[in-house]
Amino acid sequence: MSEPRRTLYVTSALPYASGAIHFGHLLEHIQTDIWVRFQRLRGHRCLYGCADDSHGTPMMLTAEKQGRPPEVLVEEYRAAHARDLAGFHVAHDVYYTTHSEENRELAELIFERCREAGYVFTRSVAQYYDPEKGMFLADRFLKGICPRCGAEDQYGDNCEKCGATYEATELKAPRSTLSGATPELRESEHYFFDLPKLQGFLEDWTGSGTLQPEVANKIREWLDAGLQPWDISRDAPYFGFRIPGTEEKYFYVWLDAPIGYMAALKHLAASRDDVDFDAIWAPGSDAEVHHFIGKDIVNFHTLFWPAMLHAAGFRTPTRIHTHGFLTVDGTKMSKSRGTFINARTYLAHLDPECLRYYFAAKLGPSTDDIDLSLDDFVARVNADLVGKIANIASRCAGFVHKGHGGQLAERCADEALWREAVDAGDRIAPLYEHGEYNKAVREIMALADRANQYIDGAKPWVLAKEAGREAEVQEICSLGLNLFRVLMAYLKPVLPAMAEQAEGFLACAPLTWANRGDWLGAHRIEPYRALKTRIERSAVDRMIEASREEAAAAAKPAVAETGDAAETIGIEQFAAVDLRVARVDGAERVDGADKLLRLTLDVGPLGRRTVFAGIRAAYEPETLPGRLVVLVANLAPRKMRFGVSEGMVLAAGPGGGEVFLLAPDSGAEPGMEVR
């Protein structure tokens, strides 16, 4: 019995319009695109929309720095993002921008409806102001210590370590990331969305199966702690939409950003008669709305967004699909190591479908982080796509063309094997549906193994040498090619370009889930051309090196205009260095290293660190315990032959025995910031 046809509107989180598409974006967009393509392959009506998140202070400042209107930058980034995502076969129906008339109209409509329903109020707030820049600071431009868990270097509205949200005024030891200045508190009237009024609704909605269990549990913690009103306005200067009836107040970017999902669909509906915006977003709609997001923005999508939609009389999302972060070779993506890779850099060196396949093989339905191991990437793609899938087609096509003019056999040589492959779709479909791509890939590769084992056992290359066995060879290889067709149907959401090539090679109708079991019969195929080629590790290394060079070129500071050859850094770069007081708890010589001492440091709330310091000629290790030193606390860990160094202690002097550790004044405590 066929599944009822569904109507779905699916989105990925909006990339911010001030930088290139990178691997972090690609993980989410590829995950979304696979799900969308699977729904379409099943015969459902699935629309895929996205947009650039174009508003906010960062875009305003970038435009000012370049001396160009922000609207021009917005369109340049939108076009570049759409191009890069299309390079990875991400099939958006619409890729728009939040800086649009549709988004303005919808933001104002939702705001007015919420205000009329009693969910919007104003009150005076104490807000941080940068006296050097002459502007109120958006949360993004404040950093300090999380008031909940004590994590350092957190933004002014939420903590990336513990996930807590808070008011900017709760941030400890705040600083402006624009100037490095200590901000001043000033009064300003702001608009608030009364989130606590919707506590009951949110408890029901978040517990109704719309979220993954681990996400629902996290949201339950916030609900149990009690919700706070949400500040939805920002002061001028600001790039965004002005709040109706005001002169100097603008919608906070996180108010109009998710409305961009709606605006993108509205824009699409204006050009397509088959897209009904109102039917999808009306309360009680039979259509489904699915958002794919990262776990760093669950609070906005699972609390603020559904509450705002409900208050304004629109339907809420059917499901929020949340994924974890991406690491490369087990660590956070790094520009210095060349593992913070942009889409264009990858495309210059490697096949985009190889990355699609690898992500699919790793992605599951949880919020666990995903690791891209570069060695495993090369090995898995070569073994699976080349050694298993393409191998079936290449080894069978030659025999069919050589002895039979490309004509396949009418009869199936092994009905049980054929039925096993076709029936496997009933197991694989639910895996795709529930985001268990990794399990789906394992099932598909197990079928590929069965197909290759069948061909290995039948040995058509041996039979072809024996007179009178031509029909048998044709039947064996025809079954192999029909099995290949089924496998490509299952992989089509992951490998759309390879599937299209396979359709051309097999001279068959476009593959769908419903027609996967259609036997090709006495059918003529085209000559085989390589569908996938092996990845060489050298190509990956070239990509990494290119990424490292790009990052270094982008980070290179400008030369002083005075003509002095010395390069300078800006206050933003200097402010990014986190200097901390640390106490030496232990020091010891390092065997095999004439210059190094291994220091064990107490950094107060930041815990204990091990640091290798080249000060052995100047200090005896037994003289160091108890001393206070200055530590660069946010330096990336460095793996050395003797262990991992987790920072750097500062020292001065010409070197050798004339090196002097920098020390804070008396009264300093471990963990204290050095300013």
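The values are calculated or read from the model by the stated rules, or taken from the named source; none is laboratory data. In this text the structure is predicted, and so the values were computed from the model without any measurement. Don't worry about glycine lacking a Cβ; one is built from the backbone with ideal geometry, like all the others, and counts go over all protein chains shown. These area figures cover heavy atoms from the full protein model, side chains too; ligands, DNA and RNA do not enter into them. Shrake-Rupley method; radii C 1.70, N 1.55, O 1.52, S 1.80 Å.
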Residue list for segment 229-285, restricted to those being under 19 Å from Y9 (Cα atoms) and assigned to a loop (DSSP other than H, G, I, E, B): A270, S271, R272, D273, D274, V275, D276, A282, P283, G284, S285
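Would you mind stating whether L624 is more than 40 Å from the chain's Cα centre (by Cα) and of a type in the set (A, V, I, L, M)? Please lay out each step first, then the result.
Numbers: more than 40 Å from the chain's Cα centre (by Cα): yes; of a type in the set (A, V, I, L, M): yes.
In short, yes.
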Any pair with Cβ under 8 angstrom, 6 or more apart, that starts in segment 428-440 at a residue that is free of Cβ contacts under 8 Å to residues at least 24 places away in the same chain and ends at one that is open to solvent by less than 10 Å² (accessible area, probe 1.4 Å): L431/Y437; L431/A440
Subset tally (residues that are farther than 22 Å from A360 by Cβ, at pLDDT 95 or above, assigned to a helix (DSSP H, G or I) and in contact with a helix residue (DSSP H, G or I) (Cβ under 6 Å, 6 or more places away or on another chain)) for segment 63-94: 0
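Here is a list: A20, A79. Which entry is touching a residue at least 60 places away in the same chain (Cβ under 8 Å) and either open to solvent by 40 Å² or more (accessible area, probe 1.4 Å) or under 16 Å from the mean Cα position of the chain (by Cα) (or both)?
The unique qualifying residue is A20.
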Filter result (among the small types (G, A, S) and either over 45 Å from the mean Cα position of the chain (by Cα) or not in a helix (DSSP H, G or I) (or both)) within segment 462-482: A464, A467, G468, A471
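Residues that are closer than 22 Å to D256 by Cβ and among the hydroxyl-bearing types (S, T, Y): which strands (runs of 3 or more DSSP E) entirely in segment 292-385 hold 2 or more of them?
none
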Residue list for segment 104-126, filter: under 12 Å from L255 (Cα atoms), in contact with a Phe, Trp or Tyr (Cβ under 7 Å, 6 or more places away or on another chain) and of a type in the set (D, E, K, R): R104
Some residue of segment 189-199 being of a type in the set (S, T, N, Q) and within 26 Å of the chain's Cα centre (by Cα): no
Count - residues of segment 231-251 that are open to solvent by 20 Å² or more (accessible area, probe 1.4 Å) and closer than 21 Å to K197 by Cβ: 1
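Quick check on this structure: which one of S271, S233, S285 is polar (S, T, N, Q) and under 30 Å from F141 (Cα atoms)?
Working: S271 fails: under 30 Å from F141 (Cα atoms); S285 fails: under 30 Å from F141 (Cα atoms).
Answer to the check: S233.
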Subset of segment 489-507 [crowded, with 17+ Cβ neighbours inside 10 Å and assigned to a loop (DSSP other than H, G, I, E, B)]: K492, P493, V494, L495
Complete set of residues in segment 405-461 that are more than 38 Å from the chain's Cα centre (by Cα) and of a type in the set (V, I, T): I455
Residue, modelled with the lowest pLDDT, within segment 36-62, restricted to residues that are of a type in the set (G, A, S) and closer than 23 Å to D84 by Cβ: G56
Enumeration of residues in segment 409-432 that are surrounded by fewer than 16 Cβ atoms within 10 Å (Cβ to Cβ) and in a loop (DSSP other than H, G, I, E, B): E410, R411, D414
Candidate set from segment 464-488 (those that are of a type in the set (K, R) and under 23 Å from E415 (Cβ atoms)); member that is surrounded by the fewest Cβ atoms within 10 Å (Cβ to Cβ): R469
Whichever residue in segment 84-127 is surrounded by 22 or more Cβ atoms within 10 Å (Cβ to Cβ) and among the acidic types (D, E) and, among such residues, is farthest from L347 (Cα to Cα): E102
